[in-house]
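The values are calculated or read from the model by the stated rules, or taken from the named source; none is laboratory data. Everything quoted here is computed from the prediction, not taken from an experiment. No Cβ is skipped: glycine too gets one built from the backbone with ideal geometry, and neighbour counts run over all protein chains shown.
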Amino acid sequence: MRFDAAGNFGNTRCMVALDEIADAGRREADRAHRLRLEGLVEDIRKTIEGPSSAKEKVAWIRELLAVQGYRTQG
């Protein structure tokens, strides 16, 4: 709550601390990263369970990782 110079409560906008904004941004970024990783793990799980050969599975998993920006050695 904010008060004017006379000590009266005024109709002013609530102020938000910059730390709160930064924390919210970090939480949202962490959430987005977690969701992306969960999707990647699910895609890899489906690939492993699939009917293709081991060589094809490895190639597909490497492709999934590359799309997400991860490097693989081959």
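Structural remarks
- Inter-residue pairs, beta-carbon under 7 Å, first charged (D, E, K, R) and in the range 54-74, second surrounded by 14 or more Cβ atoms within 10 Å (Cβ to Cβ), 6+ apart: LYS57/THR47
- Taking the listed residues LEU35, LEU64, LEU40, the one that is in a helix (DSSP H, G or I) and in contact with a helix residue (DSSP H, G or I) (Cβ under 6 Å, 6 or more places away or on another chain) is LEU64, with no other qualifying.
- Taken together, GLU49, GLU63 contain a single residue that is surrounded by 10 or more Cβ atoms within 10 Å (Cβ to Cβ) and either modelled with pLDDT under 95 or out of contact with any Ser or Thr (no Cβ under 8 Å at 6 or more places or on another chain) (or both), which is GLU63.
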